[in-house]
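These notes are about the structure you will find just below.
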Amino acid sequence: MAYNSSLDQFCGSKFWDDNLTWYTETPDLTPCFEKTVLIWIPCGFLWVAALLDTYYILNSKEHNIPWNILNISKLITTILLIVLKFVDLGVTVHKASKEEEDVFNVDYYGPIVKILTFALAATLLYYNRKCGMRASGVMFFFWLLLILAGIPQLRTEITNHYDLADDENVQYNFVSYMIYYPMILLMFVLNCFADLPPRDSPYKYEKNQCPEASSGVPSRLTFSWFDPLALTGFRRSLVESDLWALNPQDSSKEIVPRFEKFWQRALKKRDAATGAKATYSKTSASVNFKPESERKPASILPALCLAFGSQFLFGAFLKLLNDVLMFLSPMLLSLLIKFVESNEPIWRGYLYAVALLACAIAQTMFLGHYFTRMYLVGMRIRTALTNAVYRKSLRISNAAKKDSTVGEIVNLMSVDAQRFLDLMAYLNMVWSAPLQITLALYFLWRILGPSVLAGLAVMIVLIPVNGLIASRVKNLQIRQMKYKDERVKLMNEILNGIKVLKMYAWEPSFEDQVIKIRNKEMHVLKQTAYLNSATAFIWSCAPFLVSLMSFGCFVLVNETEVLDSKRAFVALALFNILRFPLSMLPNVISNVVQTAVGIKRLNKFMNAEELDQESVEHDPKDPNPLSIENGHFSWGDASEPILKNINLQVPRGHLVAVVGAVGCGKSSLLSALLGEMNKISGRINTYGSVAYVPQQAWIQNATLQDNILFGKSLDKSKYNNVINMCALKPDFDMLPGGDQTEIGEKGINLSGGQKQRVSLARAVYCDADNYFLDDPLSAVDSHVGKHIFDKVIGPNGLLQHKTRVWVTHQMSYLAQTDLVVVLRDGEVSEAGTYQQLLEKKGAFAEFLINHLSDAERTSPEELDEMKQDLESKLGSEFQNKLQRARSLSESASESEVAAGGDRRGSAKRRTPEDNAEERKEKNKLIEAEKAETGSVKWAVYKQYLTSVGVMASIVTFLMNMVLQLFQVGSNYWLAKWSNDTQMLVNGTVDKARRDMYLGVYGGLGIGQDGSVGPCCASDLGVGVVAGAVLGRAGRGAHPPREAANGSVASAIYRVLRLHSHRPDPQPLQQGRRYLGQHAANDSPGLDRLLLLAIASVVAQLLLLLGCWRAAKILHEGLIQNVLKAPLQTFERTPIGRLLSRFGKDVDVVDTTLPMQLSDWWFCAGQVLGTLFVISFSTPIFMVVILPIGVIYYIIQRFYVATSRQLKRLESISRSPIYSHFGESITGATTIRAYGLADRFVEESERGVDHNQACYYPSCIANRWLAIRLEMVGNLIIFFAALSVVLGRETIDPGIVGLSISYALQITQILNWLVRMTSEVETNIVAVERIKEYYDTPSEAAWNLPNGPGSTWPETGALQLERLTLCYRPGEPVLRELTCTVSPREKLGIVGRTGAGKSTLTLGLFRIVEPSSGKIMIDGIDISTIGLHQLRSRITIIPQDPVLFSGTLRMNLDPFESFTDDQIWRSLEHAHLKTFVQGLASGLLHEVSEGGGNLSVGQRQLVCLARALLRKTPLLVLDEATAAVDLETDDLIQKTIRTEFASCTVLTIAHRLNTIMDSTRVMVLDKGQLVEYAPPDQLLQDKNSIFYSMAKDAGLVN
């Protein structure tokens, strides 16, 4: 009888026939089915899927693929197919007209449907070509479906043809189909290839293009286009040039604008919602700004969703398909078991086996492409966020900058943006897990009925517990991030100030601070570990408890039904499906929580206040290029303005000098003009381009030439002119690489004076209209200063026609300026020309008199001129005032930081024929980051495992093996149970037997439960739960005779009995009797079980705690070795690279590696267990184990080699992003002043793109591996099923269930195992990168046992005996120095740039060790004592005043070895007492990062206070009064004279007047001691070098 009469009519024959198709030994389909369903499905697919192609066509930015043999062939074949179908239709019409044969509707509709569909295919083909789509998945699958659906009809046509009598004519249908089928085969083959690249594209393609675009659909489906890279990676270690360029669609240029568009929308919305930023109050006529805190921040989340949502949704659709297919396998398993139990035709067995394979392959494909989509979305989000954070950091206001340190902002980039990437792949589990759970429960209900509810109850109970733990983990996460930020920030400061730390011997104090933070971090991590174990335990128990409860209820409630193999194993397969969403859900939730924390941090930063672009007007109509009217300015939200009532007009081309005492607001005035300060009221106008020379030069990590060009093109003659004018030529000649010498981060290998002149040269080369010069002459010698003023700044210099605002302490040049502005306490106290101000007899005249008393020894002409000026204006007053100033300053001398000899420039001149490129290579200071190659060395594993502890490793391994045995045992027991034919006696269940099976199953289950679930530390609780249940069962819960009747089974049974209406005590007693006997016979078994559960917990926890211990040990070793490295190491290594060790790599060792190791152990056990079960069940399977194993091994080796190296390259490409980022934040003011923000943003984008180009192949490598491995797994499923079909006569249904349900898990586990192997191998690279710094050479020991006595040095006598110092072997900087300095002597050390003055101090502190000769202090050779024993007993006031964030007290006395009184006394002598008393927190005043909240002069005074505290008998002054005004300089000199009168003082000076009152002078030239005598004696010798230097400086006539 027909199923559907209308379809029967439509075809004129039966639509479906069971006897023909199913109940037969030779299955076939009806012609009607072949002509309808098998045609409609592929055609229907194309009509629906065409929408997808249309979407791509409409959104494509590329156009116009040239016509070529491929697309022409496709078009012609499609047209021929349409023609063929028209002919078919014509033949049908012809037949109908002759009325010889019956013609039915199906004969018309078939060709018509195909004609329309092929016409659609041709249209898509044309538009795909026009819109640049090189390969269409839709078309590929359409032709594939047509081929598959055409196979039955092909078989029918061929059999019909053979059935024809010999004399009959060949049927038209046969001929037509024989033409049609090869044509669709041809179309399928043609659609396997990709078309040529489009002609019109907005993207710029690079040479090494990613092959993905040019590969066909099959290659894309299986990621075969990755093969060449995998092969290369296997043959040799990959290098950067092997990688492809990033797809243009994924580059910053495409992604950033897309995100920016939606983010700007969000900001507009926020501003509209929160109303105006400020309110105007009429009463006080003032503007009140709304604090940022009151404004609701805009969130980045909606912007991200709108920018990248569509791709995400497509991925989610693939995941949905995969989830639905997942439930097909258990259904097929049920059919396969039924096949073994009954005697169905053999072809069905093969059908089920093939169906299992097809289902598994489809799942593999969907999942592979789902992950690729998600990684791509994650990558794009990371690109967008990293660039957004960078752009923001260049615009952020100074007040907002205080809230976030460089370390924190780098973390936003490295950690929080990365979280999105990690989360993306699993975010869909949020909806997918509940869907899988629901479907699984639905199918389980159909198999086990209401018993499933018992299992469901277990799950529901567990969810809130988990929620509780998750929220606790979230809080710990926030705390851990806080500590990590603190630690990285502190490390950043330590690395920036390492030179000072070494000279003060302060490393131990700072190491303790880091370790203190680290211990807090470790404590939090340990708590997180325990909580994670609890969660993981709960979810690993869940699947087993659910199956135990469900099976238990089923067998206890149903007295007439048994648990047969079909029920048991299909249910088990479904429970296995349940396991994944249940164990993943908590992980995903905690990941979502972590990302939410990241979003919060990003929102806070992205909503931070920006510099007001509008605060400075740029009106070209103004008469003067620079003007301020009634300006009030503050830093940040401080209500107190720093600058008040500023009125300033600077005419074009004028030179304006700004003078005043330290801290009066001179630098702030420049910042106000640059728009860096908050304008409270008033008006600023500047027009024309700007160049800025900051007080502390900002030097990039690049060559000297790049630093000066600063992005402009090289004009050789202009460049050389600028270098000469800025007095850089001699320095370049000294440097081994000339202007191609690479400068370390922050200009570490240049002296202060050189940095300052490079900074000035950059400004001069820039050729701007307006120049803001913040005391650029402070760090250069007097003769160089004069040269620079005359040639560059002054009225006849290079900048004579430019507008210049010049903050200065050099009084001698003021007469040559057009305008002098005197600042006092943030207000302009006077302004006018030099002469006008003298006539006023006001603050300026006072200022000059103070300067005169200092500078009496500078060139007499200048002095006389000044004296005359003052005398004529002030009359008799002048002499009195001058006398007073003199008596104040006695013989105080002015000192200035000089361009100290370049530390690295050896005295060896370079030969002119050196090639510039060679020079560049030879003088690369920063070493390229080393990428380890090949497999990770065994030594790295050994180091890690010994840190973890050998015992922990061995115990973990053994416990995993035992637990695997239990797991296999419990499932094998289930198979035995389900095969038991004696369970039913007269239609009812044999209860004693049932209870025995259930009891043992429960016991084995609890045993294995110690290690279910690939989550680490899963088992703290299993033991506890099992112990509680079993413990109570065995002891004391009941009277002794009822011992052990509290088994899980009977407990469930009792609960169910309460709700069933037939009270029947019989089974219960039988169960008790059985279990009682069992307990009596085998009570050690229960104890063993308990022990096992506890042991499993201990094993897991042991491994975890071992990993934590390793993390602690590795970090301690890292910090100790880094701090003990010689200073040269830090000059060669960018700070970003070191910080990424302390940030990212330590993070991997802390959090990632422990999880992965634990997972790896688990997976390895699972794989062995599975292979054992399948081989045991169907021995024939062993035949394929070996070939499959070989394939598996090959794939794994290919993958691991490539993946590991990709990960390394990715790590290396990450460091420069953060280095460039840190550098940009530090120099943000300079970058903004020059208006180069866009260029730096582009550089940052290039860095991010380069990093993504290294990251993308490693994502693809993952999917490439997954697809190949899952195919191996799919083959295992197929062969397991095939073995069952072939051995159906000899095999039990239970064993079939066991074998196949294990095989179904294998794909995932195999995949996990390789993934884990490679993840462990890849992440162990972090240990390798940390270990790299274990092996760096360290400096000499800090302390030696037989060091000098506690009072050494008592006198400070110094002897140098034939001292030679080198930076590089064979290139001495100081040669054969011999001299003696008596106790309490004051020695001045002078010499031209590069003479080796600074090197001598480095030798004294053993920063550079002598290559021959020795230094003796108080008769002890300093190379025989520990470094700290030396460095802590002599004192230096360094050239750069470095402060660390922390309290002021910590900056003075980090070891807390002095009393507060002593500290106050030192502050008083350093003239800081009043300042510190004025601070709210006094000594506990928080100093910001790098001392940013103190002026440079104040920082210098803090360094003086440090020296006063230590007060050692030997003091070294390294050009110590660099950035201070004359008054402060005066104070410092006076303090040094009085407080250090009893000490030996070595002063390195470029300003000779500083050392004119020394007892002796040492003159160095080209690294040799040329003169050594008292200054007066040397001045009498007209031929001495000292005399010529003094003459240059104008100290002698």
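Spot the failing condition for residue 684; the list is (1) hydrophobic (A, V, I, L, M, F, W, C); (2) touching a strand residue (DSSP E or B) at 6+ places or on another chain (Cβ under 8 Å); (3) more than 19 Å from residue 398 (Cα to Cα), and only one is missed.
(3)
Which of the following residues is modelled with pLDDT of 90 or more, assigned to a helix (DSSP H, G or I) and crowded, with 22+ Cβ neighbours inside 10 Å: 391, 382?
Numbers: 391 fails: crowded, with 22+ Cβ neighbours inside 10 Å.
382 is the lone residue from the list that is modelled with pLDDT of 90 or more, assigned to a helix (DSSP H, G or I) and crowded, with 22+ Cβ neighbours inside 10 Å.
Kindly indicate the residue of the range 1574-1597 that is among the small types (Gly, Ala, Ser) and either without any contact (Cβ under 8 Å) to a residue 60 or more places away in the chain or over 16 Å from residue 782 (Cβ atoms) (or both) and also most open to solvent (accessible area, probe 1.4 Å) among those meeting that condition.
If we filter the range 1574-1597 for residues that are among the small types (Gly, Ala, Ser), which is where we start, we get 1584, 1588, 1590, 1593-1594.
Checking the rest, the ones that are also either without any contact (Cβ under 8 Å) to a residue 60 or more places away in the chain or over 16 Å from residue 782 (Cβ atoms) (or both) come to 1584, 1588, 1590.
Numbers: 1584: 5, 1588: 46, 1590: 0 Å².
Only one residue fits best here, namely 1588.
Got a number for residues in the range 1210-1225 being in contact with a Leu (Cβ under 9 Å, 6 or more places away or on another chain), open to solvent by less than 10 Å² (accessible area, probe 1.4 Å) and within 22 Å of residue 1256 (Cα to Cα)?
1
What do you reckon, is residue 1262 touching a residue at least 12 places away in the same chain (Cβ under 8 Å), in contact with a helix residue (DSSP H, G or I) (Cβ under 8 Å, 6 or more places away or on another chain), open to solvent by less than 10 Å² (accessible area, probe 1.4 Å) and part of a helix (DSSP H, G or I)? I'd like the intermediate steps shown before the answer.
Working: touching a residue at least 12 places away in the same chain (Cβ under 8 Å): yes; in contact with a helix residue (DSSP H, G or I) (Cβ under 8 Å, 6 or more places away or on another chain): yes; open to solvent by less than 10 Å² (accessible area, probe 1.4 Å): no; part of a helix (DSSP H, G or I): yes.
For residue 1262, the condition - touching a residue at least 12 places away in the same chain (Cβ under 8 Å), in contact with a helix residue (DSSP H, G or I) (Cβ under 8 Å, 6 or more places away or on another chain), open to solvent by less than 10 Å² (accessible area, probe 1.4 Å) and part of a helix (DSSP H, G or I) - is not met.
Tell me yes or no: at least one residue of the range 629-636 is modelled with pLDDT under 90, among the hydrophobic types (A, V, I, L, M, F, W, C), surrounded by fewer than 23 Cβ atoms within 10 Å (Cβ to Cβ) and part of a loop (DSSP other than H, G, I, E, B).
yes
Would you confirm whether any residue within the range 1209-1218 is within 19 Å of residue 1283 (Cβ to Cβ) and assigned to a helix (DSSP H, G or I)? Step through it out loud before you land on a result.
Step one: list which residues in the range 1209-1218 are within 19 Å of residue 1283 (Cβ to Cβ), which gives none.
There is no residue in the range 1209-1218 that is within 19 Å of residue 1283 (Cβ to Cβ) and assigned to a helix (DSSP H, G or I).
Mind listing whichever residues of the range 324-333 are without any contact (Cβ under 8 Å) to a residue 40 or more places away in the chain and crowded, with 18+ Cβ neighbours inside 10 Å?
332
Give the number of residues within the range 1226-1258 that are assigned to a helix (DSSP H, G or I), open to solvent by 10 Å² or more (accessible area, probe 1.4 Å) and either touching a Phe, Trp or Tyr at 6+ places or on another chain (Cβ under 7 Å) or not aromatic (Phe, Trp, Tyr) (or both). Before the answer, list the steps.
Within the range 1226-1258, the subset assigned to a helix (DSSP H, G or I) is 1226, 1228-1233, 1237-1258.
Those still in the list that are open to solvent by 10 Å² or more (accessible area, probe 1.4 Å) too: 1226, 1229, 1232-1233, 1237-1239, 1241-1243, 1245-1247, 1249-1250, 1253, 1255-1256, 1258.
Next, from what is left, pick out any that are either touching a Phe, Trp or Tyr at 6+ places or on another chain (Cβ under 7 Å) or not aromatic (Phe, Trp, Tyr) (or both): 1226, 1229, 1232-1233, 1237-1239, 1241-1243, 1245-1247, 1249-1250, 1253, 1258.
Looking only at that region, the number is 17.
Can you tell me which residue in the range 5-23 is most open to solvent (accessible area, probe 1.4 Å), limited to those that are over 15 Å from residue 106 (Cα atoms) and either among the acidic types (Asp, Glu) or out of contact with any helix residue (DSSP H, G or I) (no Cβ under 9 Å at 6 or more places or on another chain) (or both)?
Here the residue is 23.
Which residue, of 1377, 1363, is touching a helix residue (DSSP H, G or I) at 6+ places or on another chain (Cβ under 9 Å), in a strand (DSSP E or B), open to solvent by less than 30 Å² (accessible area, probe 1.4 Å) and in contact (Cβ under 8 Å) with a residue 60 or more places away in the chain?
Answer to the check: 1377.
Looking at 582, 602, 670, 643, can you tell me which residue is in contact with a Pro (Cβ under 7 Å, 6 or more places away or on another chain) and open to solvent by less than 10 Å² (accessible area, probe 1.4 Å)? Before the answer, list the steps.
Details: 602 fails: in contact with a Pro (Cβ under 7 Å, 6 or more places away or on another chain); 670 fails: in contact with a Pro (Cβ under 7 Å, 6 or more places away or on another chain); 643 fails: in contact with a Pro (Cβ under 7 Å, 6 or more places away or on another chain).
From the options 582, 602, 670, 643, the qualifying one is 582.
Determine, yes or no, whether residue 1185 is modelled with pLDDT under 85 and open to solvent by less than 30 Å² (accessible area, probe 1.4 Å). Steps first, answer last, please.
On the way: modelled with pLDDT under 85: yes; open to solvent by less than 30 Å² (accessible area, probe 1.4 Å): no.
No; evaluated as a whole, the condition is false for this residue.
Being hydroxyl-bearing (Ser, Thr, Tyr), part of a helix (DSSP H, G or I) and closer than 25 Å to residue 1353 by Cα is the filter; apply it to the range 1534-1586 and report the residue that is modelled with the lowest pLDDT. It would help to see each step written out before you state the result.
Filtering the range 1534-1586 down to residues hydroxyl-bearing (Ser, Thr, Tyr) leaves 1535, 1538, 1542, 1544, 1547, 1554, 1558-1559, 1572, 1584.
Right, trim to part of a helix (DSSP H, G or I) and you get 1535, 1538, 1554.
Filter again for closer than 25 Å to residue 1353 by Cα, leaving 1535, 1538.
Working: 1535: 81, 1538: 84.
Step by step, filter the range 1534-1586, then rank; the result is 1535.
If residue 923 satisfies all but one of (1) buried (at least 17 other Cβ atoms within 10 Å of the Cβ); (2) modelled with pLDDT of 80 or more, what's the number of the condition it fails?
(2)
Give just the number: which of (1) open to solvent by 70 Å² or more (accessible area, probe 1.4 Å); (2) free of Cβ contacts under 8 Å to residues at least 40 places away in the same chain; (3) in contact with an Asp or Glu (Cβ under 8 Å, 6 or more places away or on another chain) does residue 63 not satisfy?
Single failed check for residue 63: (2).
Can you tell me which residue within the range 951-989, out of those that are outside any helix (DSSP H, G or I) and open to solvent by less than 50 Å² (accessible area, probe 1.4 Å), is nearest to residue 1299 (Cα to Cα)?
Of all residues in the range 951-989, those outside any helix (DSSP H, G or I) come to 980-989.
Restricting the remaining residues to those that are open to solvent by less than 50 Å² (accessible area, probe 1.4 Å) gives 980, 983, 987, 989.
Working: 980: 17, 983: 23, 987: 29, 989: 27 Å.
Result: 980.
If I filter the range 197-222 down to residues being among the hydrophobic types (A, V, I, L, M, F, W, C) and modelled with pLDDT of 90 or more, which single residue comes out as most open to solvent (accessible area, probe 1.4 Å)?
221
Restricting attention to the range 1386-1418, which residues are surrounded by fewer than 24 Cβ atoms within 10 Å (Cβ to Cβ), of a type outside the set (S, T, N, Q) and not in a strand (DSSP E or B)?
1392, 1402, 1403, 1404, 1405, 1406, 1407, 1408, 1409, 1418, listed by residue number.
Could you tell me which residue of the range 609-641 is nearest to residue 796 (Cα to Cα), considering only residues that are under 39 Å from the mean Cα position of the chain (by Cα) and among the hydrophobic types (A, V, I, L, M, F, W, C)?
Initially, the range 609-641 is screened for residues under 39 Å from the mean Cα position of the chain (by Cα), giving 609-616, 633-639.
This time we only want the ones that are among the hydrophobic types (A, V, I, L, M, F, W, C), so: 611, 616, 633, 635, 638.
On the way: 611: 37, 616: 30, 633: 34, 635: 36, 638: 42 Å.
Checked the range 609-641; the qualifying residue nearest to residue 796 (Cα to Cα) is 616.
Taking the range 334-371 as the region of interest, how many residues are crowded, with 21+ Cβ neighbours inside 10 Å and polar (S, T, N, Q)?
Total meeting the criteria: 3.
Restricting attention to the range 225-241, which residues are open to solvent by less than 30 Å² (accessible area, probe 1.4 Å) and without any contact (Cβ under 8 Å) to a residue 40 or more places away in the chain?
Answer for the range 225-241, where residues must be open to solvent by less than 30 Å² (accessible area, probe 1.4 Å) and without any contact (Cβ under 8 Å) to a residue 40 or more places away in the chain: just 225.
Identify the single condition in (1) open to solvent by less than 20 Å² (accessible area, probe 1.4 Å); (2) touching a Leu at 6+ places or on another chain (Cβ under 8 Å) that residue 132 does not satisfy, given that it satisfies every other one.
The one condition residue 132 does not meet is (2).
Could you please find all residues in the range 1419-1435 being part of a helix (DSSP H, G or I) and crowded, with 21+ Cβ neighbours inside 10 Å? Even if it seems obvious, please write down each step before you answer.
From the range 1419-1435, those part of a helix (DSSP H, G or I) are 1422-1424, 1427-1431; that's our starting set.
Within the range 1419-1435, 1422, 1427, 1430, 1431 qualify.
Give the range 172-219 a look and list any residue that's aromatic (Phe, Trp, Tyr) and part of a helix (DSSP H, G or I), or say none.
Of the residues in the range 172-219, the ones aromatic (Phe, Trp, Tyr) are 172, 174, 177, 180-181, 188, 193, 203, 205.
Within the range 172-219, 172, 174, 177, 180, 181, 188 meet the criteria.
Closer than 30 Å to residue 1560 by Cα and either open to solvent by 30 Å² or more (accessible area, probe 1.4 Å) or among the small types (Gly, Ala, Ser) (or both) - does that describe any residue in the range 1328-1343? Give the derivation first.
Keep residues of the range 1328-1343 that are closer than 30 Å to residue 1560 by Cα, which gives none.
Looking for residues that are closer than 30 Å to residue 1560 by Cα and either open to solvent by 30 Å² or more (accessible area, probe 1.4 Å) or among the small types (Gly, Ala, Ser) (or both), one finds none in the range 1328-1343, hence no.
The values are calculated or read from the model by the stated rules, or taken from the named source; none is laboratory data. This one's a predicted model, so the numbers in the text were calculated from it and none came from an experiment. Here Cβ is always computed from backbone atoms with ideal geometry, including for glycine, and neighbour counts include all displayed protein chains. The area values use the complete protein model at the heavy-atom level, side chains included, leaving out ligands, DNA and RNA. Shrake-Rupley method; radii C 1.70, N 1.55, O 1.52, S 1.80 Å.
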